[in-house]
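*Asks:* Before I ask anything, here is the structure I am working with.
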Amino acid sequence: MEVFVSAVVSPSKFFVQLVGPQSAELDALVDSMTEYYGQAPNRELHRIRKPYLGQIVSVEFNADNKWYRAEVSAILPNEYHPGEIVLDLYFVDYGDNQYTNPTEVYELRPDFLALRFQAIECFLAKVHPVHSNPLSNPLEDNWDTQATDRFEELAHVARWKKIVSKIVTYRKSKSSQHGRESSPVPGVELFDTASNGTDQINIAHELVTAGLAKYAANECSDELTRSQLFRLGLASGGGSQSSSVDKLEDASGSSSTSNATVVSLSKQQPVSHQRVSVSHNDPPRLADAKGLTNGTH
C-alpha cells in the first residue's frame, strides 16, 4: 500500500496515513473545521466545561493554526500554574501530540466524525535497535536519537511523500484507548523509490547498513485476519496502488539484503503539504503548549 508517514516516535512506533481518496477528504475536513471553529460564536456553542479521558475534541494545532480532530489522552497538572490542568491531546489523523489548555478545546461537531480516523500506528518489521537487551522485548527498547533521526529522513516524515508499505507481521497494541477495542499494530516493511524511478530502497536495510539497526533473529510473522484489516482500514487495497506494490514482490519475498532490490539512497527534496508536524526532539513546554510526537513525554 502507498502511505504517508505522518509522525514518528521511533522505528518501533510511528504513524502512517493511507494514500487514496481519503487524503483529499481529510484535507477538506481540516479546511471545513478551520473555517467553522475560526468563528467565535461557533466555538462558544461547542465549549467544553469538563473534558474527560478519551473525549474526541476539536483543537487548533500550534504549528499551522488549523483545526484538527484530537483525543484527550491524558489530563495532567500544569507545572507552571499550580491548581490548573493541561490536556495531552493525540491527533487521531496524524499520530502526534500537543499539550493544550482545557479552555482551548471544543466539542467536535457530529458530522466531523464521518471520516474514519486516518493515523495508523505501525512498527518497522525485521529490525531491532543495535543495543537492544536480549532479555527484554526489543520493540520496547529505546532507539538512539541518531537512528530515529535517520529513520525520519528515510521515511520523509510529515513531508507527504508517498512511500510503499507492506504488512509482514503484527503485535498486540499496548496503547490505552479508553474503553474502545484496540487494534493490532502492523509490522511493516517500508520502501522508497530511488532517483531512477525504478529501484526500491528498503528503509530497514538502509538503517542496518548505516549501523543504526540490526536484523531481528527468528522474528514471528503472525498474519492479520481480515476483520483486523478492516478495523485498521487496510482491507480494501488495490486500484492505483497495485503497480507500486508489484515492484516489491521480489524484494519482500526474499531476504531484506537482496542486492537486486536495495540501492543507495539519493537525497530527496521536501514535498509541500498543508500540515507541518513537530519533531520528536522538541522539548515539552506546558506554558506555551508546544507540540511533540506521541509518547516522548
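The values are calculated or read from the model by the stated rules, or taken from the named source; none is laboratory data. All values reported here derive from a predicted model rather than from experimental measurement. Here the Cβ positions follow ideal geometry from the backbone for every residue, glycine too, while neighbour counts run over all protein chains shown. The accessibility values were calculated without ligands, DNA or RNA, using every heavy atom of the protein model including side chains. Shrake-Rupley method; radii C 1.70, N 1.55, O 1.52, S 1.80 Å.
*Asks:* Considering the range 80-106 alone, what residues qualify as being in contact with a Phe, Trp or Tyr (Cβ under 9 Å, 6 or more places away or on another chain) and of a type in the set (Gly, Ala, Ser)?
*Replies:* At the first step, the residues of the range 80-106 found to be in contact with a Phe, Trp or Tyr (Cβ under 9 Å, 6 or more places away or on another chain) are 86-89, 91-98, 106.
Selection gives GLY95 alone.
*Asks:* When the range 1-44 is examined, which residues are found to be of a type in the set (Gly, Ala, Ser), more than 18 Å from the chain's Cα centre (by Cα) and surrounded by fewer than 14 Cβ atoms within 10 Å (Cβ to Cβ)? Lay out the reasoning, then the answer.
*Replies:* Residues of the range 1-44 of a type in the set (Gly, Ala, Ser): 6-7, 10, 12, 20, 23-24, 28, 32, 38, 40.
Now drop any that are not more than 18 Å from the chain's Cα centre (by Cα), which leaves 28, 32, 38, 40.
ALA28, GLY38, ALA40 - these are the residues of the range 1-44 that are of a type in the set (Gly, Ala, Ser), more than 18 Å from the chain's Cα centre (by Cα) and surrounded by fewer than 14 Cβ atoms within 10 Å (Cβ to Cβ).
Residue-wise test of (1) under 30 Å from HIS156 (Cα atoms); (2) among the β-branched types (Val, Ile, Thr).
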position	(1), (2)
MET33	yes, no
ARG43	no, no
ILE56	yes, yes
LEU76	no, no
VAL92	yes, yes
ASP111	no, no
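*Asks:* Follow-up. Report whether or not VAL30 is of a type outside the set (Gly, Ala, Ser) and assigned to a strand (DSSP E or B).
*Replies:* Details: of a type outside the set (Gly, Ala, Ser): yes; assigned to a strand (DSSP E or B): no.
The answer is no for VAL30.
*Asks:* Please go through the range 136-149 and give me each residue that is modelled with pLDDT of 90 or more and either surrounded by fewer than 18 Cβ atoms within 10 Å (Cβ to Cβ) or in a loop (DSSP other than H, G, I, E, B) (or both), ordered by number. Lay out the reasoning, then the answer.
*Replies:* Our first condition is that a residue be modelled with pLDDT of 90 or more; within the range 136-149, this holds for 143-149.
Of everything in the range 136-149, those that are modelled with pLDDT of 90 or more and either surrounded by fewer than 18 Cβ atoms within 10 Å (Cβ to Cβ) or in a loop (DSSP other than H, G, I, E, B) (or both) turn out to be TRP143, ASP144, THR145, GLN146, ASP149.
*Asks:* A further question follows. Looking at the range 173-184, can you tell me whether even one residue there is modelled with pLDDT under 95, among the charged types (D, E, K, R) and under 23 Å from ASN142 (Cβ atoms)? Break it down into steps so the answer makes sense when it comes.
*Replies:* Going through the range 173-184, the residues modelled with pLDDT under 95 turn out to be 173-184.
So of that shortlist, the ones also among the charged types (D, E, K, R) come out as 174, 180-181.
Those still in the list that are under 23 Å from ASN142 (Cβ atoms) too: 174.
Within the range 173-184 (the criterion being modelled with pLDDT under 95, among the charged types (D, E, K, R) and under 23 Å from ASN142 (Cβ atoms)), the answer is yes, since at least one residue qualifies.
*Asks:* Just one of the numbered conditions (1) within 24 Å of LYS13 (Cα to Cα); (2) open to solvent by 20 Å² or more (accessible area, probe 1.4 Å) is not true of TYR68; which one?
*Replies:* The single condition TYR68 does not satisfy is (2).
*Asks:* Sticking with this structure for a sec: Anything in the range 55-86 that is in a loop (DSSP other than H, G, I, E, B) and closer than 25 Å to GLU35 by Cα? List them, or say none.
*Replies:* Keep residues of the range 55-86 that are in a loop (DSSP other than H, G, I, E, B), which gives 55, 61-66, 78-84.
Scanning the range 55-86 gives GLN55, PHE61, ASN62, ALA63, ASP64, ASN65, LYS66.
*Asks:* For the list (1) modelled with pLDDT of 60 or more; (2) surrounded by fewer than 18 Cβ atoms within 10 Å (Cβ to Cβ), I need the number of the one condition that LYS247 fails.
*Replies:* (1)
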